[in-house]
1. Quick check on my filter: what residues within segment 122-131 are assigned to a helix (DSSP H, G or I) and open to solvent by 60 Å² or more (accessible area, probe 1.4 Å)?
2. Taking segment 82-114 on its own, how many of its residues are farther than 21 Å from Leu23 by Cα, open to solvent by less than 70 Å² (accessible area, probe 1.4 Å) and of a type outside the set (S, T, N, Q)?
3. Limited to segment 101-131, what total is found for residues that are under 30 Å from Lys30 (Cα atoms) and in contact (Cβ under 8 Å) with a residue 12 or more places away in the chain?
4. Could you say whether any residue in segment 102-114 is modelled with pLDDT of 95 or more and more than 25 Å from Phe49 (Cα to Cα)?
5. Of everything in segment 59-81, what is over 10 Å from Leu41 (Cα atoms) and surrounded by 13 or more Cβ atoms within 10 Å (Cβ to Cβ)? Give them in sequence order.
6. I'd like the full set of residues that are in contact with a helix residue (DSSP H, G or I) (Cβ under 6 Å, 6 or more places away or on another chain) and assigned to a helix (DSSP H, G or I), limited to segment 1-46.
7. Run down Leu89, Leu108 and say which single residue is farther than 30 Å from Leu130 by Cα and not in a helix (DSSP H, G or I).
8. Consider segment 49-58. How many of its residues are assigned to a helix (DSSP H, G or I) and crowded, with 16+ Cβ neighbours inside 10 Å?
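The values are calculated or read from the model by the stated rules, or taken from the named source; none is laboratory data. Owing to the predicted nature of the structure, the values given are computational and were not obtained by experimental measurement. Backbone-built Cβ (ideal geometry, glycine too); neighbour counts: all protein chains shown. Please note that ligands, DNA and RNA were not included when accessible areas were found on the heavy atoms of the full protein model with its side chains. Shrake-Rupley method; radii C 1.70, N 1.55, O 1.52, S 1.80 Å.
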Amino acid sequence: MINDSMNQCSFCSVPLDPAIGALVAERQEKANRAYNDASFLRTTAISLFVFLGISFIPFLGMVYYGFLITFIAVLVMLIRWQVKFGNLLTDDSDYKRAKRSKNIALILWLAAIPLGFVVRPLWDLLLSRLF
């Protein structure tokens, strides 16, 4: 890490350009935000399946609305992440992990489509015929 307010390196005394230091610091901050947002996105995508799983329990069907709200929220967060951080130019390992977390969230979201909108209604139909 480089302190962008310094004119020279405190370790090797090499002169530093403050503009380049500020640019590097800005990119690092953006990579850190990308990692934090992607981590939250992945956690939210996992919660989709928690809501969906609980909604399969008879008499707890109202939890399905939590699935629907979370489903839309994950979609919005996926689009937002891609717009804000998708073209970030950095070789930071945290950014690579952020992209992986975002991709995992996308896969989970895609897997939730048939489970939440095909299997779950069929489950309701089955339960309505049994009871």
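1. Those that are assigned to a helix (DSSP H, G or I) and open to solvent by 60 Å² or more (accessible area, probe 1.4 Å): Leu122, Trp123, Asp124, Leu125, Leu126, Ser128, Arg129, Leu130.
2. Selection size over segment 82-114: 10.
3. Qualifying residue count, segment 101-131: 8.
4. Filtering segment 102-114 down to residues modelled with pLDDT of 95 or more leaves 102-114.
Remaining after also requiring more than 25 Å from Phe49 (Cα to Cα): none.
No, segment 102-114 contains no residue that is modelled with pLDDT of 95 or more and more than 25 Å from Phe49 (Cα to Cα).
5. Those that are over 10 Å from Leu41 (Cα atoms) and surrounded by 13 or more Cβ atoms within 10 Å (Cβ to Cβ): Gly61, Val63, Tyr64, Gly66, Phe67, Leu68, Thr70, Phe71.
6. The answer is Ala31, Ala34, Tyr35, Asp37, Ala38, Ser39, Leu41, Arg42, Thr44, Ala45.
7. Unique residue meeting the criteria: Leu89.
8. Total meeting the criteria: 4.
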